[in-house]
Amino acid sequence: MTAKVAGAVLRSPCDGQWAAEPGLGVYIHIPFCRHRCHYCDFNTYEGLDGLHDSYVDALIRTIEAARCERPAGSVFIGGGTPTLLSPVQLGRIIDAVATSVGIDEGAEVTVEANPETVHAAYFEALAEAGVNRVSIGIQSLAPHVLDGLGRTHSVHRALEAITQAQAVGAFEVNADLIYGSPWERPQDWQRTLEGILTLGVDHISAYALTIEEATPLATLVRTGRVPDVDPDIQVDRHAVAEQLLGAAGYLRYEVSNWCRPGRASTHNLCYWSAGDYLGFGAGAHGHLGGRRYWNLRLPRDFIAAAEAGDVEAGHESVDDRQAEALMLGLRLSSGIRMADFEDRFGSLEERRPAIEALLAEGSLTQADAWLRISPTRTMVANDVIARLI
Ligand code: SF4
């Protein structure tokens, strides 16, 4: 793959700007969790430990069958809980990508980790397997918020997982946070951010809690046992994050993502720059040259289909790539570089009247050929974008 330092693979710095030529992304889905969190609607299942080996074999079979003309600029192993697999299993998956698709020199290789499934030796083995970035699901540093969300790790374990990852010296570390849950008080969010800042992580993703249909949390809200989330409170929480993280030197490069300079996620940037990505694993989506596809969702179905050589459940062509690319690119603080955007997705002339109207009212700004959403309109970015597409 590329030069290793103490077992880790150095990754290229990423400034978080919209990319005219995003690298190829590879997403790999691990659909297993030890316990389902109350708010989660991801494609993940409890109690399937007995499937881990056959799932990894099936995954590798589909990766080996993939044909691609360029190597990956980023690999992201997400879930579910990828760290329910052993570092050896994760290493086999990464090796399969390196052999069959190719992995660029300096590519970002991320594994999502849950605090209760990792320890110091685990992280060391992960670095040996070629991982250079870990994204740790912290969510909150308030015990009652973790309880409400149905998280099973303690605050102590969450902090310890971060310091153990950092001690290896091989990873960029992302802390995944959730704000605006019904149990969270203003001081809980403030202390969570301050606690994470104390550890000096490289990257922070902070998402407003949404109540997804068919989750235990949705039932609790519908039956009045838990109050619904309050969008105004969530706007306030985002402002607190903006203020505290900004003062600590973090740059917000996307609506919900902050980083130290040069530490933006290459893989995220591939998505937001409307780049191509391959999706492997149960329920994973991929996108190549305007063709979007998705795999069978259930792990057992996926394993059986991998034997037969076809795991795809469906596909579609993206009718309006320009609209989709605008929707993604304008989430970035940089916005889009107009000339490069038009080279890739066609002229914006038809949208010019809408752009002019949004510029005139201050929802969009244009400077140095970059078109972006005004910082004051970040929390209504979706409304602004909807008026463009
Ligand atoms: S650990 Fe993550 S993927 Fe698993 S149930 Fe909780 S939120 Fe969902």
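Nothing in this text is a laboratory measurement; each read-out follows from the coordinates by a stated rule. This one's a predicted model, so the numbers in the text were calculated from it and none came from an experiment. FYI the Cβ positions are ideal-geometry reconstructions off the backbone, even for glycines, and counts take in every protein chain you see.
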What is the list of residues in the range 201-233 whose amide nitrogen lies under 13 Å from a point 7 angstrom out from the Cα of H285, following Cα to Cβ? none
Of the beta bridges DSSP finds with both residues in the chain, what % are antiparallel, to the nearest 5? 40
Tell me which residues come under 5 Å, amide H to amide H, from R263 once H is placed; ignore anything under 5 positions away on its chain. C14
Just to be sure I understand the model, the point goes 7 Å from the Cα along the line to the Cβ. What's the resulting S54 to R300 distance in nm? 0.9
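If you average the sequence gap of Cα pairs under 8 Å that are 6 or more apart and divide by the length of the chain, what percent do you get for the contact order?
The value is 19 percent.
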Label point distance in nm, R222-E350, each placed 7 Å from Cα along Cα→Cβ: 3.9
Simple spin-label model, 7 Å along Cα-to-Cβ: E307 to E21 in nm? 4.4
Difference of contour (0.36 nm per residue) and Cα-Cα distance, E213 to H156: 17.4 nm
Taking the Cβ of C14 as the centre, find all other residues whose Cβ is under 13 Å away and add up their charges (Lys, Arg: +1; Asp, Glu: -1). -2
